Amino acid sequence: MHDLIRISEVFSEHHAEILKRLDAAGAKKLGTEYYLLPGPMPASELSLFVRWQMPIHHSWPCSPEKTEHFLDKACYALEQKCAAAGVLQVMVSPLISGSPHPFFKKLATALRQRLMASLLEKKAKIDPEEQNPQDLTLFCLVGKEGLFASIATPRDCGGFYAGGSKYISHNAAHSISRAGAKIAEALHFLRLHHPALPETTHWLELGASPGGMTAELLERGYRVTAVDRAPMDPRISSHPRLSCYAENAAAFFPPRGERYDALLCDMNGPARESFAIVAAKLPYLESGALIIFTLKTHKTGSLDEWLELRRHVQRDATAAGLRSIAHTHLTYNRHEFTLIWRKG
Ligand SMILES: C[S@@+](CC[C@H](N)C(=O)[O-])C[C@H]1O[C@@H](n2cnc3c(N)ncnc32)[C@H](O)[C@@H]1O
């Protein structure tokens, strides 16, 4: 069985080394970020760099633009493959992420519509935002190299959408900084592993200024206690569900009796120092609280430096009593990773 994996273009200088260390030096490149491995991806700490991974159950290397009746033929083959599988969802994306060629964008949409009509004929259509992460899904990726499909679960592949990216607009009315997209995507990703957090959730946010992430949390109805040396954007600073503390997070201690259901840390600076500040706040978190931590790295690092940093921070987290829920490199992460833990 071949696996198809996705490694962000952010790490393009390191793609060859990552593949070599995954025993996949001969992998075929598809689009800008995908690789068809010669076999299954081995378990490895390099999975930190792999955003999406799906076993290939059907592949049709071809040029869809030049293939007559491509859509009819692709649908027929996929319907045969899926006949007995009982898929509950169909997700199709172009192999080129970001701004794909309009032909492939349209083709992906048409393929999804046709497959939904034939495969989910009598089943209730499920919104990908509401989907159970364990539902069997037909994932397809289509591009100038052909069609690649898998029957798998969102949890196993690493996303609800084929390829793992959820499109998030930076132009939303409440958007304050690009960081907002990171927490929007992280909360979406979290649903692969954990139910959505209730509206009553009170977040402690460290490194909150100017407030891109804060605005996203407030938009979802959450209460936020935001800490940063720098000021918050005046568009949100007097929001009724927001308390702001303009100080060093290391020196911040919550008002007496206040406890938090979740902690978000996007502080820049050395990652282990940021984690030490997080660890000191753990007594103020409820048992079972979630911690979403952006592991900041140096752009010019080597794979080994990044892996070592992640190992150190994970060790610190384990020593502080945190359980790992998931780690990923989100579409909206640059040279940084998103780590998610749970207290207790
Ligand atoms: C990447 S920015 C945060 C962006 C923010 N999450 C957003 O959504 O707009 C990092 C922030 O961490 C803050 N920071 C770093 N170390 C800090 C510390 N020890 N105490 C308070 N703030 C800190 C910086 O002032 C900076 O505003």
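Derivation of every value follows stated rules applied to the coordinates shown; laboratory data play no part. Computed from a predicted model, the values in this text were never measured in an experiment. For neighbour counting, all protein chains shown are included, and Cβ atoms are generated from backbone atoms with ideal geometry for every residue, glycine included.
Taking 28 Å as the cut-off for C-alpha to C-alpha distance, list the pairs among 182/343; 28/296; 66/123; 123/343; 28/66; 105/125 that go past it.
Beyond 28 Å between Cα atoms: 28/296; 66/123; 123/343.
Subtract the Cα-Cα distance of residue 302 and residue 109 from 0.36 nm times their separation in residues, and report this length gain in nm to one decimal.
Full-extension gain reported as 65.6 nm.
Hey, how much of the P(r) for the stretch 3-157 falls beyond 26 Å, as a percent of Cα pairs?
Taking all Cα-Cα pairs of the stretch 3-157, the fraction more than 26 Å apart is 26 percent.
Considering the convex hull of the alpha carbon atoms of the chain, report its projected area averaged over all viewing directions, in nm², one decimal.
Averaged projected hull area, Cα only: 17.9 nm².
For the residues 90, 313, what sequence is obtained by ranking on other C-beta atoms within 10 Å, fewest first?
The most exposed by this proxy come first: 313, 90.
Compute the relative contact order of the chain as a whole-number percentage, counting only Cα pairs closer than 8 Å that sit 6 or more residues apart in sequence.
So the answer I get is 14 percent.
Would you mind checking the tilt of helix 271-281 against the longest principal axis of the Cα atoms of the chain, expressed as 0 to 90 degrees and rounded to 10?
60 degrees
Could you tell me the center-to-center distance, by alpha carbons, between the stretch 132-157 and the stretch 230-269 in angstrom?
Their Cα centres are 39 Å away from one another.
Note the angle between two axes, namely the Cα long axis of helix 102-119 and the longest principal axis of the Cα atoms of the chain, as a number of degrees from 0 to 90, rounded to the nearest 10.
It works out to around 80 degrees.
Arrange 137, 338, 297 by Cβ neighbour counts within 10 Å, fewest through most, would you?
With the sparsest Cβ surroundings first, the list reads 297, 338, 137.
Rg(Cα) of the stretch 179-343 divided by 2.2 N^0.38 Å?
The value comes to 0.97.
Going by how many other beta carbons lie within 10 Å of each one, how would you line up 119, 303, 147, fewest first?
Result, fewest neighbours first: 303, 119, 147.
Need one number: nm distance between label points at residue 129 and residue 17, each 7 Å from Cα along Cα→Cβ, rounded to one decimal.
4.0 nm
Label 7 Å along Cα→Cβ of residue 200; the stretch 207-236 residues with amide nitrogen under 18 Å?
Of the residues in the stretch 207-236, 220-225 have backbone N under 18 Å from the label point off residue 200.
Kindly work out what percent of the DSSP beta bridges joining two residues of the stretch 70-213 are antiparallel, to the nearest 5.
DSSP beta bridges in the stretch 70-213 are roughly 55 percent antiparallel.
Pop out the ³J(HN,Hα) list for the stretch 324-332 in order, Karplus 6.51 cos²θ - 1.76 cosθ + 1.60 with θ = phi - 60°, rounded to Hz; leave Gly and Pro as x.
These are the phi-based 3J(HN,Hα) values: 6, 9, 5, 9, 7, 10, 7, 3, 8 Hz.
When DSSP beta bridges are limited to those with both residues in the stretch 3-157, what percentage is antiparallel, rounded to the nearest 5?
Counting DSSP beta bridges with both partners in the stretch 3-157, the antiparallel share is about 80 percent.
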